[in-house]
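The values are calculated or read from the model by the stated rules, or taken from the named source; none is laboratory data. Please read these numbers as outputs of a predicted model, since none were measured by experiment. We place every Cβ from the backbone using ideal geometry, glycine too, and count neighbours over all the protein chains shown.
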Amino acid sequence: MPAVPPSVLPWVVTGPTASGKTALALELAARTGREILSMDSMAVYRRMDIGTAKPSQAERARVPHHLIDLCEPHESFDTARWCDAAAAALAEAQQRGRHVLFVGGTPLYLMAFFKGMLQGPGRDDALRAGLEARESAAPGTLHAELSERDPVAAARIHRNDLRRLVRALEVLALTGKPISEQQDHFERDGWARPCRIVVVERLRDDLHDRVKTRTEAMLDQGLLAETEAIERSGGFSPTSGAAIGYAECRDFLRGRYKDRTELRNRIRRNTHQLIRRQSTWLRRLPGVARIDPDAGIDALAAAFESPDSGGDHR
């Protein structure tokens, strides 16, 4: 089979939170005429704008964006639903003769879409209800149990991400195997969908400085008010409510933190933990290009033409 030219493959710009990938990707999309497909698990929720750093209306007018604002915060949304939406958006763009640029820092979305979804056991509603009841009675119970039984999965899942914690323990209970072992297809050579991938990486201290600035900016822009408004009009699902920024603001509004300083510090700490989990996933990506964002747009564009950006072999 002849090789597919890199210029017509889907391109992917990924990297940890606060790495600067979004700004670089926007410039690249504008330069190359590509449309952006968001690969952010929290940007799918309407009205969750400040805490997800969604592109502004001006940015959306400059470059078409897709896979943003797909559902309400109180609705259930999972990886399978995103993969279906991404496949539809990709096909629609290709039918119009447009190329696309996937942009975001949700590694599970990237792996599930381009490597393939885990074909695990079906859901067990009674088992799920029992797990959710245990977590409600003693928050942190499920993450602690998963840490003992499947520490690899626990390292990738935030302690407040109830949906993924329940699924991991459900799979373990129904199959007797940790979900991390069953996701070994992520480690195999080849990709279900050919693509080109560039990971944007920054030094740890630089990321921490950017998280500090970003957190202050979000709070100044009204993250607390945005959270309160959502709580008053439908509320959050277990998944959306676990989003960093919103989870801490909800706790603050319930009186669990003594002041705004503690709120700010909690968001920063949990963002740093998220970055570590994202980085763990992204280090596993085989044969992809990696750049420092300070290298600029020309370096990013060149990386996609390099064979190091991988992902184009089945």
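Quick check: is even one residue across the range 56-65 surrounded by 14 or more Cβ atoms within 10 Å (Cβ to Cβ) and at positive phi?
no
Let's see how each residue does on (1) more than 24 Å from Leu90 (Cβ to Cβ); (2) out of contact with any helix residue (DSSP H, G or I) (no Cβ under 6 Å at 6 or more places or on another chain); (3) at pLDDT 95 or above:
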position: Val200; (1), (2), (3): no, no, yes
position: Val211; (1), (2), (3): yes, no, yes
position: Gly222; (1), (2), (3): yes, yes, yes
position: Glu226; (1), (2), (3): yes, yes, yes
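Here is a list: Arg34, Arg47. Which entry is charged (D, E, K, R), surrounded by fewer than 23 Cβ atoms within 10 Å (Cβ to Cβ) and over 21 Å from Ala88 (Cα atoms)? Show your work before the answer.
Values: Arg34 fails: over 21 Å from Ala88 (Cα atoms).
Selected residue: Arg47, the only one of Arg34, Arg47 that is charged (D, E, K, R), surrounded by fewer than 23 Cβ atoms within 10 Å (Cβ to Cβ) and over 21 Å from Ala88 (Cα atoms).
For (1) surrounded by 19 or more Cβ atoms within 10 Å (Cβ to Cβ); (2) among the hydroxyl-bearing types (Ser, Thr, Tyr); (3) more than 22 Å from Glu248 (Cβ to Cβ), each residue gets a yes or a no:
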position	(1), (2), (3)
Met117	no, no, yes
Ala144	no, no, no
Arg159	yes, no, no
Leu174	no, no, yes
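Take Leu253 and decide whether it is over 23 Å from Asp78 (Cβ atoms) and either in the same structural domain as Glu135 (by TED's automatic domain parsing) or exposed (fewer than 15 other Cβ atoms within 10 Å of the Cβ) (or both).
Working: over 23 Å from Asp78 (Cβ atoms): yes; either in the same structural domain as Glu135 (by TED's automatic domain parsing) or exposed (fewer than 15 other Cβ atoms within 10 Å of the Cβ) (or both): yes.
So Leu253 passes the test.
Tell me which residues, restricted to the range 80-110, are among the β-branched types (Val, Ile, Thr) and either more than 13 Å from Ala43 (Cα to Cα) or assigned by TED's automatic domain parsing to the domain that holds Leu162 (or both). Walk me through it before giving the result.
First, pick out the residues of the range 80-110 that are among the β-branched types (Val, Ile, Thr): 100, 103, 106.
Answer for the range 80-110, where residues must be among the β-branched types (Val, Ile, Thr) and either more than 13 Å from Ala43 (Cα to Cα) or assigned by TED's automatic domain parsing to the domain that holds Leu162 (or both): just Val100.
Is it the case, given these coordinates, that Glu148 is of a type outside the set (S, T, N, Q) and either over 24 Å from Pro238 (Cα atoms) or surrounded by 16 or more Cβ atoms within 10 Å (Cβ to Cβ) (or both)? Can you show your working first?
Numbers: of a type outside the set (S, T, N, Q): yes; either over 24 Å from Pro238 (Cα atoms) or surrounded by 16 or more Cβ atoms within 10 Å (Cβ to Cβ) (or both): no.
When the stated conditions are applied, Glu148 does not pass them.
Tell me which of these Thr227 doesn't satisfy, since it passes every other one: (1) within 14 Å of Pro73 (Cα to Cα); (2) in contact with a Pro (Cβ under 8 Å, 6 or more places away or on another chain); (3) crowded, with 17+ Cβ neighbours inside 10 Å.
Of the numbered conditions (1) within 14 Å of Pro73 (Cα to Cα); (2) in contact with a Pro (Cβ under 8 Å, 6 or more places away or on another chain); (3) crowded, with 17+ Cβ neighbours inside 10 Å, the odd one out for Thr227 is (2).
What do you reckon, is Gly241 in contact with a helix residue (DSSP H, G or I) (Cβ under 8 Å, 6 or more places away or on another chain) and of a type outside the set (A, V, I, L, M, F, W, C)? Spell out how you get there, then give the answer.
Values: in contact with a helix residue (DSSP H, G or I) (Cβ under 8 Å, 6 or more places away or on another chain): yes; of a type outside the set (A, V, I, L, M, F, W, C): yes.
Criteria met by Gly241.
Would you pick out the residues in the range 216-235 that are over 23 Å from Ala18 (Cβ atoms) and not in a helix (DSSP H, G or I)?
Ser233, Gly234, Gly235
Just checking, which of Arg163, Arg128, Arg134, Arg167 is in a helix (DSSP H, G or I) and surrounded by 21 or more Cβ atoms within 10 Å (Cβ to Cβ)? Reasoning before the result, please.
Numbers: Arg163 fails: surrounded by 21 or more Cβ atoms within 10 Å (Cβ to Cβ); Arg128 fails: surrounded by 21 or more Cβ atoms within 10 Å (Cβ to Cβ); Arg134 fails: surrounded by 21 or more Cβ atoms within 10 Å (Cβ to Cβ).
Step by step, each of Arg163, Arg128, Arg134, Arg167 is checked, and only Arg167 is in a helix (DSSP H, G or I) and surrounded by 21 or more Cβ atoms within 10 Å (Cβ to Cβ).
Which ranges mark the helices (runs of 4 or more DSSP H) fully within the range 243-314 that have 2 or more residues being touching a strand residue (DSSP E or B) at 6+ places or on another chain (Cβ under 7 Å)?
Per the criteria, 297-305.
Looking at Gly20, is it crowded, with 23+ Cβ neighbours inside 10 Å, at positive phi and in the same structural domain as Ala295 (by TED's automatic domain parsing)? Talk me through it step by step, then tell me what you get.
Numbers: crowded, with 23+ Cβ neighbours inside 10 Å: no; at positive phi: yes; in the same structural domain as Ala295 (by TED's automatic domain parsing): yes.
So Gly20 fails the test.
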